[in-house]
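Worksheet: one structure, shown below.
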Amino acid sequence: MNETISIVKVGIADFNIVQAPNTIRTSGLGSCVGVVLFDSNSKFAGMAHVMLPTSTMAKETKTNIAKYADTAIPALIQVLLDKGVKKYAMKAKIAGGAQMFQFSSSSDMMRIGPRNVEAVKEQLKKVRIPLISEDCGGNSGRTIEFHPRTGVLEIRTVNKGVSHI
Amino acid sequence: MSFIDRFSTYHLDILREIGNIGAGHAATSLSKLLNQKIDMTVPAVRLVSFDEMMDIAGGPDRVIVSVFLRIEGDAPGSMFFIVPPEQADRLVRDLTGDTSFTFTTSAVNEMAFSAILELGNILSGSYLSSLSDFTQLSIQPSVPSVSVDMVGAVLSFGLLELSQQSDHAIVVDTSLNEGESTGEEVNGHFFLLPDPDSFETIFNALGVTAYE
C-alpha cells in the first residue's frame, strides 16, 4: 500500500496537531520544552513548543498563547477536543528544558529550562493528563518527532544520537 | 502597540550604523589576531520572527559553534558570535598553530573551546566597547559562554527577554569573512539583540527621539 507521510512542523512558540500516519516535529529545542499530547486510539497528537513557564511574565499587548506553558497546554487540549479526542484518553510525553550555557551568575532567566519543565508538569497535573515519559534537562539541544501511529517520541541530539521514549 | 511597531526606517538606520561601528572594530581585532585580511559585510538590520531568525543562521537543526554573552549596564541585551563548526576549526587552528583541533567530533576538546571562547570574548569586547564609546552608555559584557549545538537551541536562549514582549526580534547582523585566496572562507555572524527597553536608551543616548 502506498501512502504519503507528511511531517507537520511546529515552530518556536507555536503548536499544531496531526493524525497518523503523518508525524509532527519541532527542531532545536534548547531551554524550550516540547509537549506532546496524544490519544493512541484515534491516533491524534498535538505538539507545543513552549518557550516560557507562565503567561504572567507577558508584557505584550496580544499574548501568543502557544508561548507559555500555562496557556499552551489548555489551548492544545481544546484543539484536540474539537477533533473529537476524549480528554480521558489523552496522554503526555515531554522533552527539552536543557541548560544550554553555563553561567556563574544564576539569574532566573539563566535557569529557564528547569523552570519550563516544572511549569509544564504542574500544568499537566492540573488538567489530569498522565505524563508517560520524559527526556528533560541536560545541556544539549533536541529535535523531536512524534509518531502518532506507534506513540513513539523520537529524540535526536547532536552528540548522543537518537533515542526513543 | 508593540515596541517594534513604533520603529521607523530611520531608527533601523541608526541600528545599522551601530552594527557597522561595532563589527568594524571587531573585524580589526580579528585581523590583528590572525594576521590576515578580514572583510566585513554591510550590516543588516532585520525585523524577523523567531523562526526566521533561526533560518538566518542556517535553520534550527544546523549545528553551530556559538559564543554567547549578556550585555549588562545601561542597555542590556544579548550578543552572539556564531560560526559553522568547520570554520571554527580553521579559526582555532590559525590562532593556535595546532592543526589537530576540531569541533566536529563529540569529544570535548578543552583547548579548542577555550580558544574559541577567548576569540569570541575579544571580538565581542571590541564590538561593545566601540558601541559604548559611540553612545556614551555604560555597557559591559558578561563572562562569555560557548556552546556547540543546534541553532534553535542556542539562539532561543538570547530571545527569552525579548519573547516576553514580542514575537519578533530586531537583529543587527554583521558577517565577517576571511579574505584569503585559499578558496575557503570564514563566515562569522555577530547577532546583537538588545532587550526591548534598551532601544529607547540607545536612541536617547544618540539624541534621537525614540518613537515618532
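Throughout, read-outs are computed from the coordinates displayed, never taken from laboratory work. Every value quoted in this text rests on a predicted model; they were computed, and no experiment measured them. Reconstructed Cβ throughout: ideal geometry from the backbone, glycine too, with neighbour counts over all protein chains shown.
Dividing the convex hull volume of the alpha-carbon atoms in the protein assembly as shown by its residue count gives 148 Å³ per residue.
Pairs of Cα atoms in the stretch B:1-148 fall into 5 Å distance bins, from 0 up to the last occupied one, in shares of 2, 9, 15, 20, 21, 17, 10, 4, 2, 1, 0 percent. Residue exposure proxy: A:132, B:18, ordered by other Cβ atoms within 10 angstrom of their Cβ from fewest to most, comes out as A:132, B:18. Evaluate the distance, in nm, between pseudo-label points positioned 7 Å from the Cα of residue A:42 and of residue A:81 along their respective Cα→Cβ axes. Between residue A:42 and residue A:81, the label points sit 1.2 nm apart. Straight-line cross-link reach from residue A:121 at under 22 Å between alpha-carbon atoms covers these lysines, not counting any fewer than eight positions away in the same chain: A:67, A:86, A:87, A:91, A:93. Taken over the C-alpha atoms, the stretch A:1-82 has Rg and Dmax values of 13.7, 51 angstrom. Excluding same-chain neighbours fewer than eight residues apart, the aspartates and glutamates reachable from residue A:125 by a Cα-Cα span under 12 Å are A:70. The ranking of B:98, B:195 from fewest to most other beta carbons within 10 Å of each one's beta carbon is B:98, B:195. Counts of other chain beta carbons within 10 angstrom of each beta carbon in peptide A:131-140 average 1.
How much of the DSSP bridge set in the stretch A:7-164 is antiparallel, in percent, rounded to the nearest 5? Looking only at bridges with both residues in the stretch A:7-164, the antiparallel portion is about 75 percent.
All Cα-Cα distances of the stretch A:7-164, cut into 10 Å bins from zero to the largest, leave 12, 44, 34, 9, 1 percent in each bin in turn.
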